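Undergrad: Shown below is the structure under consideration.
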DNA sequence: TTGATATGCAAGTAATTACTTGCATATAAT
DNA sequence: ATTATATGCAAGTAATTACTTGCATATCAA
């Protein structure tokens, strides 16, 4: 699976986006701390986090028996480069023209 | 379903992202033209496009029996505002510190 | 008006995804 | 040592998603 696929799939779920927000608000949380904010089992959260790790959006450090989670914003920058910046503005002129009834193929 | 949910779900599928790319390369294509680039049935493509429309990423205009598809980049800008800009850089300092063995909770 | 083209609608199947339950292991606290 | 805490692993279920097949409708061309 491509890097972009992993990324977009990771972002596709509201719970996973919430996890990113939680880490944004306070980086380095343990699994247990993250679980406290979501109403699902610890396992479910673990699986969401695994996906985020797979997309390289979250990095992990063990401290004793605790697993600390850190946000990695780099892949999001790549989304911007590939998917946002590229699509910036100019568009929709053609649509407007059509809607105004020009309806043609010719200039 | 929230607007953001629709958006991220729409972007989660590679075929749908390909459709956006196709429209970026050449806006205003018909359904048939789009189908020619994907190896799945017309119905499948229709369903993908419906999702993109639902996320407001694609707008449609009928010309006779043809359905023309246009890219709308505005929602992508919103993704940027909410999900990229916000997460810009500073991060990961805490992680680096930990990895270097400071391992502490205190400043 | 007949036939071909462009598309829609609806129900079904197959694959994937989100989430759970149950048990196991390792670190920490007493 | 014993118990409690923090987490992992694995298999199962339920829901969702991607895609198909079959038939219907509307526009265009001859």
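The values are calculated or read from the model by the stated rules, or taken from the named source; none is laboratory data. Computed from a predicted structure; not experimentally measured. All Cβ positions, even for glycine, are placed from backbone atoms using ideal geometry, and neighbour counts span all protein chains on display.
Undergrad: Of the residues that sit in the stretch B:49-72 and are surrounded by 18 or more Cβ atoms within 10 Å (Cβ to Cβ) and within 11 Å of DNA strand C (Cβ to nearest atom), which one is farthest from the other protein chains (Cβ to nearest Cβ)?
TA: B:49
Undergrad: Being in contact with a helix residue (DSSP H, G or I) (Cβ under 6 Å, 6 or more places away or on another chain), touching a residue at least 40 places away in the same chain (Cβ under 8 Å) and more than 9 Å from chain A (Cβ to nearest Cβ) is the requirement here; does residue B:38 meet it? Don't jump to the end; show me each part of the working.
TA: Values: in contact with a helix residue (DSSP H, G or I) (Cβ under 6 Å, 6 or more places away or on another chain): yes; touching a residue at least 40 places away in the same chain (Cβ under 8 Å): no; more than 9 Å from chain A (Cβ to nearest Cβ): yes.
No, not satisfied.
Undergrad: Can you pull out the residues in the stretch A:14-29 that are within 12 Å of DNA strand C (Cβ to nearest atom) and out of contact with any helix residue (DSSP H, G or I) (no Cβ under 7 Å at 6 or more places or on another chain)? Talk me through it step by step, then tell me what you get.
TA: We begin by selecting, within the stretch A:14-29, every residue within 12 Å of DNA strand C (Cβ to nearest atom); these are A:14-19.
Hit for the stretch A:14-29 is A:18, nothing else.
Undergrad: Which ones in the stretch B:1-25 are more than 16 Å from residue A:9 (Cα to Cα) and at the interface with chain A (Cβ under 10 Å from one of its Cβ atoms)?
TA: Once the filter is applied, which keeps residues that are more than 16 Å from residue A:9 (Cα to Cα) and at the interface with chain A (Cβ under 10 Å from one of its Cβ atoms), the stretch B:1-25 yields B:1, B:2, B:20, B:21, B:23, B:24.
Undergrad: Identify the residue in the stretch B:32-45 that is within 12 Å of DNA strand C (Cβ to nearest atom) and loosely packed, with under 14 Cβ neighbours inside 10 Å and, among all such residues, is farthest from residue B:14 (Cα to Cα).
TA: The initial filter retains those residues of the stretch B:32-45 that are within 12 Å of DNA strand C (Cβ to nearest atom), namely B:32-36, B:40-45.
Those still in the list that are loosely packed, with under 14 Cβ neighbours inside 10 Å too: B:32, B:36, B:40-44.
Working: B:32: 19, B:36: 16, B:40: 13, B:41: 16, B:42: 16, B:43: 17, B:44: 13 Å.
Applying the filter and picking the extreme gives B:32.
Undergrad: While we're on this one: Could you please tell me which pairs satisfy a Cβ distance under 7 Å, a separation of 6+ or placement on different chains, a first residue in the stretch B:57-75 that is over 20 Å from residue B:4 (Cα atoms) and without any contact (Cβ under 8 Å) to a residue 40 or more places away in the chain, and a second residue that is in a loop (DSSP other than H, G, I, E, B) and within 16 Å of DNA strand D (Cβ to nearest atom)?
TA: B:63/A:103
Undergrad: Still on this structure, please answer the following. When residue A:8 is evaluated against the numbered criteria (1) modelled with pLDDT under 95; (2) surrounded by 14 or more Cβ atoms within 10 Å (Cβ to Cβ); (3) within 30 Å of residue B:70 (Cβ to Cβ), which criterion, by number, is the only one it fails?
TA: Condition (1) is where residue A:8 drops out.
Undergrad: Then there's this: Against the condition at pLDDT 95 or above, over 11 Å from the mean Cα position of the chain (by Cα) and more than 8 Å from every other protein chain (Cβ to nearest Cβ), how does residue B:45 come out, does it pass?
TA: On the way: at pLDDT 95 or above: yes; over 11 Å from the mean Cα position of the chain (by Cα): yes; more than 8 Å from every other protein chain (Cβ to nearest Cβ): yes.
The answer is yes for residue B:45.
Undergrad: Separate question: Based on what the data block shows, is residue A:13 within 14 Å of DNA strand D (Cβ to nearest atom) and modelled with pLDDT under 95?
TA: So residue A:13 does not fit the description; no.
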